[in-house]
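K.L.:
Handing you a structure now.
Throughout, read-outs are computed from the coordinates displayed, never taken from laboratory work. Everything quoted here is computed from the prediction, not taken from an experiment. For neighbour counting, all protein chains shown are included, and Cβ atoms are generated from backbone atoms with ideal geometry for every residue, glycine included.
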C-alpha cells in the first residue's frame, strides 16, 4: 500500500519531478515559451506526437486484454478512446501548421519510448533494470497497472511543462505564434485526462505490496526519463542560450562546463550575507562597500566582452578563443578582487578551521552537490573540463 496515505501517482511525481528541469530549460521549450522557436524545429517535434498517442492507444488495448475486472477494462478502454480523441485534435493542429504525419519519420527517442511502453504492455520486460515478475496468468493482471505507470508520467510532464509556459504569459499574449499549441496541452481537458490516468494508477495499485510499488516507481522513472530525453534531444536550428541541463549524443566531441558558484550553486548569495555582517560595523562596512563596487565594475566590464563574443553573427563560426580569453579576464578580475580583500585586513583573524566550519553550513541548490560530484569524478571522455 502507498506510504503514509500518499497515492502512488503523487509519490512518484513528487519524487521524480526534478527530472522535469531538463525539459523546462531545454533549447526547445525555452524557445517555444519565448515564441522565438523556428517553424522547422517546431514542426519536427510536433510530428512525433502522433507516434506517442498511437503507442498509448496500442498499450491501453494490450493492457485491457490482461485486466481481470470488467470495471478495469472499461476504465482502460475509456483512456484508449481519449488517446484517439487527442490524436484527432493533434491532427487538426498539426495540419494547421502544414505538417503531414505520413511524412513524419519516427525519431530514435520516440521509438525508444514506444518500444519500452509496448514491451511493458506485452509483459515483456526482461531487459528492465529491475525485471518484473509476470510469470503466471494471475500476475499478468498486473500488466494493466504497469502499463498505466509507464504512461502517467508522460501525461503529467506535458501538463506540467505547458502549464508553466502558459503561466509565464501574464497577461496571455494573444500574438504568441504557438498559443494554440500551448493552450491545447495546458487546457483543463488535458489536465482532466492526466488526472484520470493517475486516478486509475492509484486505484489499480491500492492493494499492491511495497515491493510491487517499487517496481511501479522504477517503470515510472524510466518512462519519465525517456520522455525527458525526447525533448532534451530536440534539434533547434537557431542559436539558443539556456542553462546547461543535460547533453545527449556528444559522440567524439568534448564538453567543457563553465559554472558560476556564488549565484548559481548556492541557495543564498554570500555577498548579501557579508553585507548583513558588515552592517554592524560601520568603519568596516565602508571599506567593504568600496571593494564591492570596484569588483562589480570590473566584472561587469568583463561580462560585456563575453556578450560580444557569445552570439556570433549569422554565417560566422563560434569564436571559442575569444570566449576563452574573455573568461580568463573574468578570472583575473576575481583574483585581483580577492587579493584586495586580503590586503584590506577585513578577514584578519580567520583560521582555516573556521572557514571549513562556515563552508559546511553553506546551503547548496537542490542537486548541485550531486551534479558537481558526478561530473568531477566522472571518467566519461565526453566531459573535458569543469570550471566552477
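K.L.:
Counting other beta carbons within 10 Å of each residue's own, what order do 224, 352, 266, 201 fall into, fewest first?
P.N.:
352, 266, 224, 201
K.L.:
Further question: For a footprinting-style exposure proxy, rank 225, 124, 348 by other Cβ within 10 Å, fewest first.
P.N.:
348, 124, 225
K.L.:
I need the shape label for the range 46-124. Rule: rounded when a/c is under 1.5, else prolate if a/b > b/c, else oblate, with a, b, c from the alpha carbon gyration tensor.
P.N.:
It is oblate, given that a/c is not under 1.5 and a/b is not larger than b/c.
K.L.:
Which of the three applies to the range 1-68, rounded, prolate or oblate, going by the alpha-carbon gyration tensor with a ≥ b ≥ c and a/c under 1.5 meaning rounded?
P.N.:
Because a/c hits 1.5 or more and a/b fails to exceed b/c, the range 1-68 counts as oblate.
K.L.:
Suppose we look only past 31 Å in the calculated P(r) of the range 3-232. What percent of the Cα-Cα pairs does that tail hold?
P.N.:
Across the range 3-232, Cα pairs with separations above 31 Å total 20 percent.
K.L.:
Would you mind calculating the relative contact order of the range 3-232 from Cα pairs under 8 angstrom and at least 6 residues apart, reporting the percent as a whole number?
P.N.:
Once divided by the residue count of the range 3-232, the mean separation gives 31 percent.
K.L.:
A further question follows. Give me 188, 114 ranked fewest to most by other Cβ atoms within 10 Å of their Cβ, as a rough exposure proxy.
P.N.:
Working: 188 7, 114 20.
With the fewest neighbours first, 188, 114 line up as 188, 114.
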